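Encoded as structure tokens, the structure appears first; notes follow it.
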Amino acid sequence: MTRIDFYHYAEDKLRYACRLAGKVADSDNRLVVYADDPQVLAGFDRLLWTFQSTRFVPHCRATEAIAAETPVILASPDD
């Protein structure tokens, strides 16, 4: 079943989104992170690699060949 959640009160929205993405990846679900601004999406991509020193959140852009097998997909209007 598709579920949509909105979070408004996080101080550091990108770090909070990284934590949520990690939970989704750990739970065997899938997540699409959509941003209108390509720079925001690029920053989120970089943060997913570095926000925790001991883990990696598997993610890729929606246009990549491995998107169907990846739990966290990053999408923008150009995808």
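Which residues, taken from the range 65-79, are surrounded by 13 or more Cβ atoms within 10 Å (Cβ to Cβ), more than 10 Å from the chain's Cα centre (by Cα) and more than 13 Å from ALA21 (Cα to Cα)? Let's see the steps before the verdict.
Let us first name the residues in the range 65-79 that are surrounded by 13 or more Cβ atoms within 10 Å (Cβ to Cβ), namely 67, 70-76, 79.
Checking which are more than 10 Å from the chain's Cα centre (by Cα) leaves us with 67, 70, 76, 79.
Correct list: ALA67, SER76, ASP79.
Does ASP45 satisfy the condition of being of a type outside the set (A, V, I, L, M, F, W, C), open to solvent by less than 70 Å² (accessible area, probe 1.4 Å), under 10 Å from the mean Cα position of the chain (by Cα) and on the phi < 0 side of the Ramachandran plot?
So ASP45 passes the test.
Identify, please: which residue in the range 48-57 is open to solvent by 40 Å² or more (accessible area, probe 1.4 Å) and outside any loop (DSSP other than H, G, I, E, B) and is, among those, farthest from ASP12 (Cα to Cα)?
The qualifying residue farthest from ASP12 (Cα to Cα) is TRP49.
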Residue in the range 57-70 that is modelled with pLDDT of 90 or more and among the basic types (Lys, Arg) present: yes
Residues satisfying the stated conditions in the range 17-38, i.e. farther than 14 Å from ARG3 by Cα and either open to solvent by 100 Å² or more (accessible area, probe 1.4 Å) or acidic (Asp, Glu) (or both): ARG19, LYS23, ASP26, ASP28, TYR34, ASP36, ASP37
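Based on this model, can you work out whether LEU14 counts as among the hydrophobic types (A, V, I, L, M, F, W, C), assigned to a helix (DSSP H, G or I) and either modelled with pLDDT of 90 or more or open to solvent by 70 Å² or more (accessible area, probe 1.4 Å) (or both)?
Working: among the hydrophobic types (A, V, I, L, M, F, W, C): yes; assigned to a helix (DSSP H, G or I): yes; either modelled with pLDDT of 90 or more or open to solvent by 70 Å² or more (accessible area, probe 1.4 Å) (or both): no.
No, not satisfied.
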Yes/no for ALA62 being touching a strand residue (DSSP E or B) at 6+ places or on another chain (Cβ under 6 Å), aliphatic (A, V, I, L, M) and surrounded by 12 or more Cβ atoms within 10 Å (Cβ to Cβ): yes
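The values are calculated or read from the model by the stated rules, or taken from the named source; none is laboratory data. Computed from a predicted structure; not experimentally measured. No Cβ is skipped: glycine too gets one built from the backbone with ideal geometry, and neighbour counts run over all protein chains shown. In case anyone asks, the SASA skips ligands and DNA or RNA and just uses the protein heavy atoms, side chains included. Shrake-Rupley method; radii C 1.70, N 1.55, O 1.52, S 1.80 Å.
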